[in-house]
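The values are calculated or read from the model by the stated rules, or taken from the named source; none is laboratory data. Note that the coordinates shown come from a computational prediction; the quantities given were computed from them, not determined experimentally. Virtual Cβ from ideal backbone geometry, glycine too; neighbours counted across all protein chains shown. Ligands, DNA and RNA are excluded from the accessible area calculation, which covers all protein heavy atoms including side chains. Shrake-Rupley method; radii C 1.70, N 1.55, O 1.52, S 1.80 Å.
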Amino acid sequence: MLTQISRLITALFYRLTSPQYRAINESGLFDHKQYLDDNPDVNASGIDPLAHYLRKGHAEHRNPGALFNHGYYIHQISEQNYNGENLLLHFLEEGRDEGIKPNILIDPEYYSLMNPDFDSSKMDPLAHFLQKDTASKSPNPPSPYFDPYFYCNKYADAKRHINDPKAAYVHYLRVGLKENRQPSVYFDPAYYLEKYSLLDVIGHSSLSHYIMFGSTANKSPSALFDPLYYAIKYDVSDSEDLFAHYLRNTLREDRQPCSWFNPEFYRHSYLLEVKEPVLPLKHFLEIGLKNHYY
């Protein structure tokens, strides 16, 4: 009881006196419950979790929640440019306007394609995704690497979120990423770990490693994607995430992910009777492989 009262008093004081506290609290990127769960010392101390994060938690690289990752943020701005400032505040005040991403599952170009009502001049993709009204239409997640329906159908503890893409997205970042779960039919953690076994040593999940390092080093997250073939065929710089480039552009036109998979052939061979629009590679990975559609 005393701990709860102390926490409430601290929170009230900061709400009244700290603009930074209010800005972070209103952003939706600080998860009070998760911060306490992840930091037992803070939970036992009785201090308000956001007050602790502002005082010293950010300097100790304690993540404010599943939606904002300190390590990935520093990776984008480079450690040389980090001077100990509060990175979440940096994102809210400058970073999002500069295109710096709060977590690994953000792809602004993909999100714009999938959500025509999104205006990047008014809001960043994550804020739009979190605030979008789900009553009329479920928002599409801000990354091609995460499919909430695939994820919720595959993992029993996520199934309750199958009609709530936002909750599924947070569940993956909070639970699935740490456990190296498969986020979509396109990204295969087992394949990536098997092919690049060094990951076991350096402590990254397969998806984190791919997005932070592998995507610009011609590594592939799927046996059906050949980054070098794709870069040459479509004249794309191999300094960017080629698989994300493929996933974005194949929404507009059938593109070949590798030399032996021809989407036009596949579409004419197996999808003529399919009423709903479907991407050939997605259909092959979900259905074709099981039914030997070669």
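Table for the structure above
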read-out: Relative contact order computed over the chain (Cα-Cα under 8 Å; 6+ residues apart), in percent; value: 10 percent
read-out: Cα-Cα over 20 Å, subset of Lys101/Lys159; Lys132/Lys282; Lys33/Lys122; Lys33/Lys101; Lys33/Lys178; Lys33/Lys154; value: Lys101/Lys159; Lys132/Lys282; Lys33/Lys122; Lys33/Lys101; Lys33/Lys154
read-out: Highest to lowest packing among 215-224, 60-69, scored as the average C-beta count within 10 Å; value: 60-69, 215-224
read-out: Whole-percent carbon and sulfur share, accessible surface of the chain, 1.4 Å; value: 51 percent
read-out: Region 136-255: relative contact order as a whole-number percent, Cα under 8 Å and 6+ apart; value: 19 percent
read-out: Convex hull per residue volume in Å³, alpha carbons only, for the chain; value: 163 Å³
read-out: For Gly65, residues with placed amide H under 5 Å, excluding near neighbours; value: Asp31
read-out: Förster radius 41 Å - calculated FRET efficiency between Arg15 and Glu109, Cβ distance, rounded to 0.05; value: 0.65
read-out: Amide hydrogen neighbours beyond the local backbone of Phe261, cut-off 5 Å, H modeled; value: none
read-out: Percentage relative contact order, region 111-197, counting C-alpha pairs under 8 Å, at least six apart; value: 23 percent
read-out: Accessible area of region 115-239 divided out per residue, in Å², using a probe of 1.4 angstrom; value: 48 Å²
read-out: Label-to-label distance, nm, for residues given as Leu89 and Arg252 (7 Å Cα→Cβ offset); value: 4.1 nm
read-out: Stretchable slack from Lys178 to Ala156, in nm (0.36 nm times residue separation minus alpha-carbon distance); value: 6.3 nm
read-out: Viscosity 1.567 mPa s, temperature 4 °C, Stokes-Einstein D of region 218-262 from Kirkwood C-alpha radius, µm²/s; value: 125 µm²/s
read-out: Region 36-45 - phi-based ³J(HN,Hα) in whole Hz, Karplus 6.51/-1.76/1.60, Gly and Pro as x; value: 5, 5, 6, 10, x, 5, 5, 4, 6, 6
read-out: ³J(HN,Hα), Karplus 6.51/-1.76/1.60, whole Hz, each residue of region 244-251, x for Gly, Pro; value: 5, 4, 4, 5, 5, 7, 6, 5
read-out: Expected 222 nm ellipticity per residue - DSSP helices of 4 or more, -39500 (n - 2.57), all of the chain, to 500; value: -11500 deg cm²/dmol
